[in-house]
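Data block below; observations after.
Just so you know, all these numbers are worked out from the coordinates, no wet-lab data involved. Note that the coordinates shown come from a computational prediction; the quantities given were computed from them, not determined experimentally. Quick reminder, even Gly has a Cβ in these numbers, built from the backbone with ideal geometry, and neighbours come from all protein chains shown.
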Amino acid sequence: MPFAEGVTPQGNKTTTTMEIIRLQSVTDAQIGEIMALMRELDPQIAVTPEMVRRAVEAPGTHFFAMLDGALPAGHDVEASPRIVGCASLCVTASPTGCKAHIEDVVVLSSYRGRQLGRCLMEYVLGYARKELPAGTKIYLTSRPQRVAANALYQSLGFRRKETNVYEIIATFAS
């Protein structure tokens, strides 16, 4: 969904023309751009092209990409717009109801400070409101060090939940 320079779909001011789309398949060039975003999100996670492809194409995962339609001077006119931000909305059904998790929200560091993260989150939340059953709980996690991101999520209505989060890495016998 495109939005014009100056105003996002939600009425917030921005200084860059961007487009947010839901990707259902991905090109090799887009995989490279998404991998660069994931390195900015967490340089310690080794993301592979296959992991990106699987995430974009997975049933129940809605992968959103923010595209910068402005191409640098001398750039091939046929070139695709660059992915400068992304987020995933992962939806699961359980006996206690539909649940969704927003994962891997990131905007390239060179594009930060322009309210693009807010635009991306508002777009994802708008999509969820239209597409998911009423009453769906939407969760997200964010490291405490991501101060600006945490402030953004709280300003969008997310509230900090007191809970224990556990992690285990699945290992499979070969």
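Things to note:
- Diffusion coefficient of the range 96-166 by Stokes-Einstein, Kirkwood radius over Cα pairs, 4 °C, 1.567 mPa s: 96 µm²/s.
- Centroid-to-centroid separation of the range 17-70 and the range 95-174 [C-alpha atoms, Å]: 16
- With both labels modelled 7 Å from their Cα along Cα-to-Cβ, the Arg22 to Asn150 distance reads 3.2 nm.
- Extension reserve of the Thr96-Thr48 stretch, reckoned as 0.36 nm per residue once the Cα distance is removed: 13.9 nm
- Note on Ala36 and Tyr111: their simple-model spin labels are 1.0 nm apart, each label 7 Å out from Cα toward Cβ.
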